[in-house]
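J.: I am attaching a structure below and will ask some questions about it afterwards.
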Ligand SMILES: Nc1ncnc2c1ncn2[C@@H]1O[C@H](COP(=O)(O)OP(=O)(O)OP(=O)(O)O)[C@@H](O)[C@H]1O
Ligand SMILES: [Mg+2]
């Protein structure tokens, strides 16, 4: 028996009300068990990292939390109320912004249009309300302001189509969009995987700023120094299950990797 499976024994969290919580999520793909009874709680203003080897179920977990997958079993609550997201748009409308590992950007659209994808601003009056014409000028001005405020400086021109950007710049746009619109929760699946040192640090700063604004962040990353720099708590996935929840104070990076690989229990 693995006694540490479902208990967050590291921090006395019971008195706080989670913003987002999941209980015993199960997701199978044919014979493959993506998630095997995983529970998770995300508290106000915290950065919760999710780590684990390839195929451990990290992406499946956040897909179930954000409407990209529908779990076979289990319950999800947002602000203490049961939710049943059927598609990512449902979660977005509820205030959860997600940057998926496979970036959901539209390559042919420009940076500003991508930032406002699905929530386009319309021109004032008849042009907007009846003809549904989008207000490109305002969207560009606001997108520029958002990117500047978020400290993303490598993007010069928001009128450039996404397909002309570098991989890292695309990732920066996706993260900026999530940070700008995530009103309750921001979920980032490997946001620094394609980024250089400078851009990675900008994303880490962005995560810290979201925390300062009181917005909790779920961060999936293979980068242990990044995880240990920003995370308040670390959820460790192993073979579709939660192996433990630790903190950077309670455990070292070596401990975390050992739990991840099964060399150590907690
Ligand atoms: N659409 C799918 N169809 C079939 N199997 C899937 C599907 N999505 C995920 N899986 C399987 O579920 C398991 C968990 O995958 P998941 O993508 O959640 O892993 P991960 O922890 O995010 O890995 P990585 O670090 O490589 O991103 C894997 O065995 C994977 O092959
Ligand atoms: Mg993944």
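The values are calculated or read from the model by the stated rules, or taken from the named source; none is laboratory data. Not measured: the values here are computed from a predicted model. Neighbour counts are summed over all protein chains in view; Cβ atoms, including those assigned to glycine, are modelled from backbone coordinates with ideal geometry.
J.: Hey, can you tell me all the residues within the stretch 176-188 that are touching a helix residue (DSSP H, G or I) at 6+ places or on another chain (Cβ under 7 Å) and either within 16 Å of ligand 1 (Cβ to nearest atom) or modelled with pLDDT under 85 (or both)?
T.: Going residue by residue through the stretch 176-188, those that are touching a helix residue (DSSP H, G or I) at 6+ places or on another chain (Cβ under 7 Å) are 176-177, 179-180, 186-188.
Within the stretch 176-188, 176, 177, 179, 180, 187, 188 meet the criteria.
J.: Being closer than 18 Å to residue 173 by Cα and either more than 16 Å from ligand 1 (Cβ to nearest atom) or surrounded by fewer than 21 Cβ atoms within 10 Å (Cβ to Cβ) (or both) is the filter here, so list the residues in the stretch 202-220 that pass it.
T.: Those that are closer than 18 Å to residue 173 by Cα and either more than 16 Å from ligand 1 (Cβ to nearest atom) or surrounded by fewer than 21 Cβ atoms within 10 Å (Cβ to Cβ) (or both): 202, 203, 204, 205, 206, 207, 208, 209, 210, 217.
J.: Any idea which of (1) touching a strand residue (DSSP E or B) at 6+ places or on another chain (Cβ under 6 Å); (2) surrounded by 16 or more Cβ atoms within 10 Å (Cβ to Cβ); (3) at pLDDT 90 or above is the one residue 247 doesn't satisfy?
T.: Unmet for residue 247, out of (1) touching a strand residue (DSSP E or B) at 6+ places or on another chain (Cβ under 6 Å); (2) surrounded by 16 or more Cβ atoms within 10 Å (Cβ to Cβ); (3) at pLDDT 90 or above: (2).
Each row is one residue, and each column tells you yes or no for (1) in contact with a helix residue (DSSP H, G or I) (Cβ under 7 Å, 6 or more places away or on another chain); (2) modelled with pLDDT of 80 or more; (3) over 17 Å from residue 179 (Cβ atoms).
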residue	(1), (2), (3)
102	no, no, yes
116	yes, yes, no
122	yes, yes, yes
125	no, yes, yes
133	yes, yes, yes
144	no, yes, no
149	no, no, no
155	yes, no, no
164	no, yes, yes
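J.: Inside the stretch 38-55, can you point out the residues that are out of contact with any strand residue (DSSP E or B) (no Cβ under 9 Å at 6 or more places or on another chain) and either assigned to a strand (DSSP E or B) or within 16 Å of ligand 2 (Cβ to nearest atom) (or both)?
T.: 54
J.: List every residue pair whose Cβ atoms lie under 6 Å apart, where the two residues are 6 or more positions apart in sequence or sit on different chains, the first residue falls within the stretch 57-68 and is touching a residue at least 12 places away in the same chain (Cβ under 8 Å) and more than 15 Å from residue 42 (Cα to Cα), and the second residue, located anywhere, is part of a loop (DSSP other than H, G, I, E, B) and near ligand 2 (Cβ under 8 Å from one of its atoms).
T.: Partner pairs satisfying both residue conditions: 59/101.
J.: Assess whether residue 35 counts as being within 16 Å of ligand 2 (Cβ to nearest atom), in a strand (DSSP E or B), over 29 Å from residue 114 (Cβ atoms) and without any contact (Cβ under 8 Å) to a residue 60 or more places away in the chain.
T.: No: the conditions fail for residue 35.
J.: Look through the stretch 189-212, keep the residues that are within 16 Å of ligand 2 (Cβ to nearest atom) and in contact with a helix residue (DSSP H, G or I) (Cβ under 8 Å, 6 or more places away or on another chain), and return whichever of them is nearest to residue 48 (Cα to Cα).
T.: 189
J.: I need a count of the residues in the stretch 13-29 that are farther than 26 Å from residue 183 by Cα and either within 14 Å of ligand 2 (Cβ to nearest atom) or at pLDDT below 95 (or both).
T.: We begin by selecting, within the stretch 13-29, every residue farther than 26 Å from residue 183 by Cα; these are 26-29.
Of the ones still in play, those that are also either within 14 Å of ligand 2 (Cβ to nearest atom) or at pLDDT below 95 (or both) are 27, 29.
Selection size over the stretch 13-29: 2.
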